[in-house]
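Q: Starting off with a structure, shown below.
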Amino acid sequence: MVCLGLVAWMELWPFQQKAVVQSLREASDSQVRLRGFHRTYFPGPGCVIEGVEFYHGTNTATPLITIQTLIIRGSYFGVVTRRVSNITAEGLRISIPPFGSGETFRTTPSKIAIDEIVANGAVLEFALRTPGAAPLTFEIHEAVLRNVGWSGAASYRVKVRNPEPPGEIAAEGKFGVWNVSDPGQTPVSGKYRFDQADLSVYGGIAGTLSSAGKFGGVLKHIDIEGSTDTPDFEVTSGGHKVDLTSQFIAYVDAVHGDTFLKHVDAHFGRTQVVADGSVAKSADGNGNGKTALIDLHAKDGRIEDMLRLFVSSERAPMPGEVSLQAQVEIPPGEQAFLKKVKLRGDFGVDTGSFAPNTQESIDKLSAGARGEKETADPETVLSDLSGQVAIENGTASFANLRFTVPGAHSRMHGSYNLINYKIDLRGQLRVDTKISNTTNGGKAVLLKMIDPFLRKKRDGEVLPVRISGTYAHPSFGLDLHDKAAQKKELPKFLVHRSSPQ
């Protein structure tokens, strides 16, 4: 009877090689290979497995999971209750196939519960669909799961090195129970902190971002609420650092790796920008990587806050209130940020003024346009800007670019290169008096000579003008060869306006 009992005990012993391999096979939906196996009995029953490899589906060349050493520890009471005290995976590496590759996993529910799983120093790789591209790799410094089983949610704690942007993530919460029929409906919740995220990897921008928040839902739809802080954010072409903060509400489709921004409230300087959009694969499924599609809105912001991001001079070229709305597209790829970003939008600057040296010229233009020899109080001679802008390949193209000061109104079109700062703007300038009255001396005599060639209006003259050169050294002048600009009518609301908005 003792011998028969020992034989039955050995056959039912959960830590024998056959039983352990079968459990691993069912849990991973994979074929399992191992290099070595031996059982342990003190201080509790268990086993140590060397060189474990999991092969999923028909792929027998590259293992789905490799583990250098897998240590399983139990208790003699746990043998009866079917509970394992601890599983430690040393040298764990998991290689996930590309999303959309058609690979499926069908795990088999187990009756065994595990008190704790530890996988410190693990590596998680996501293969990309681009041939020859290096996988997206997450270095897992610490990973602990507790109460793992099929009767309730497991708790987790992880510390991970994020690959893009590079930074450290710490998270803890609840996960499961795994939904076998629809994995996307598996519950997940918790809180996170993201530190030391280096934004310079995107090219064209820089800064160290930190973020914290909470999340919950199912894998197909995880609601996230949190905040970010980048105290040294900058557009590298400008070189000015600002404190950029935001609060956001979003959701993530973890099955496909897509993020949808429901509301983002960002602040820098005295400006607030509200955004929504997505960072996801295109709707047609073409291309590789994720495309960011963002709608931006700003009301009663400050134009100097925005301009200072893009100009290298210590002072922004213009202060004033600004309103804008724009659609931004940032496609995937290795191009620098300013080369690949695309933008379409409208903007308006009210009660604005230029920097002192430029404003002085504007004041003189305004006085001359009204036929006055002395400039008015600079506080009352203000510019008014509005128009449409489109940015692509590092160049901003402007349409219906309007500029208004008392006595003069303009409408222009053209471009500004965000990378080399070259300006090419052309259009019309209407003044309330003759152009020769806008100055005196020798210049007035020369301008009187060209008065007959200018288009006459009942209340002034229309001049074809051009602004060229660079941002640091602009050049202003007449453009008598631009026949299209000379013939183009100004809109009625510009013709009849006599003061800035």
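The values are calculated or read from the model by the stated rules, or taken from the named source; none is laboratory data. Since we're looking at a predicted model, the values are computed, not measured. All Cβ positions, even for glycine, are placed from backbone atoms using ideal geometry, and neighbour counts span all protein chains on display.
Q: Tally time: how many residues in segment 101-124 are under 27 Å from the mean Cα position of the chain (by Cα) and loosely packed, with under 14 Cβ neighbours inside 10 Å?
A: Matching residues across segment 101-124 total 1.
Q: Determine which single condition Arg73 fails, assuming it passes every other condition in (1) basic (Lys, Arg); (2) buried (at least 17 other Cβ atoms within 10 Å of the Cβ); (3) under 29 Å from the mean Cα position of the chain (by Cα).
A: Condition not satisfied by Arg73: (3).
Q: Which condition from (1) closer than 18 Å to Glu125 by Cα; (2) touching a Ser or Thr at 6+ places or on another chain (Cβ under 7 Å); (3) surrounded by 18 or more Cβ atoms within 10 Å (Cβ to Cβ); (4) of a type outside the set (Phe, Trp, Tyr) is the one that Glu53 breaks?
A: (3)
Q: On the basis of being over 25 Å from Val84 (Cα atoms), touching a Gly at 6+ places or on another chain (Cβ under 7 Å) and not hydroxyl-bearing (Ser, Thr, Tyr), does Leu199 make the cut?
A: Criteria met by Leu199.
Q: Which of the following residues is more than 23 Å from Gly204 (Cα to Cα) and either at pLDDT 90 or above or touching a Lys or Arg at 6+ places or on another chain (Cβ under 8 Å) (or both): Ala390, Ala376, Ala355?
A: Within the list Ala390, Ala376, Ala355, the selection yields Ala355.
Q: Against the conditions (1) farther than 28 Å from Pro317 by Cα; (2) surrounded by fewer than 15 Cβ atoms within 10 Å (Cβ to Cβ), where does Ala280 fall short? Just the number, please.
A: Going through the list (1) farther than 28 Å from Pro317 by Cα; (2) surrounded by fewer than 15 Cβ atoms within 10 Å (Cβ to Cβ), Ala280 breaks only (2).
Q: I've got another one for you. What helices (runs of 4 or more DSSP H) lie completely within segment 1-108 and have 3 or more residues being more than 26 Å from Asn179 (Cα to Cα), assigned by TED's automatic domain parsing to the domain that holds Val123 and at pLDDT below 85? Even if it seems obvious, please write down each step before you answer.
A: Working: elements: 2-12, 17-28, 76-81.
Fully inside segment 1-108 and qualifying: 2-12, 76-81.
Q: Which one of Glu168, Glu164 is free of Cβ contacts under 8 Å to residues at least 40 places away in the same chain, more than 19 Å from Gly216 (Cα to Cα) and surrounded by fewer than 15 Cβ atoms within 10 Å (Cβ to Cβ)?
A: Glu164
Q: Which residue pairs have Cβ atoms under 9 Å apart, sit 6 or more places apart or on different chains, and have a first residue in segment 181-196 that is at negative phi and a second that is outside any strand (DSSP E or B) and modelled with pLDDT of 95 or more?
A: Listed by first residue and then by second, the contacts come to nothing, as the list is empty.
Q: Check whether at least one residue in segment 135-147 is in contact with a strand residue (DSSP E or B) (Cβ under 9 Å, 6 or more places away or on another chain), farther than 26 Å from Val21 by Cβ, surrounded by 14 or more Cβ atoms within 10 Å (Cβ to Cβ) and touching a residue at least 40 places away in the same chain (Cβ under 8 Å), and report yes or no.
A: yes
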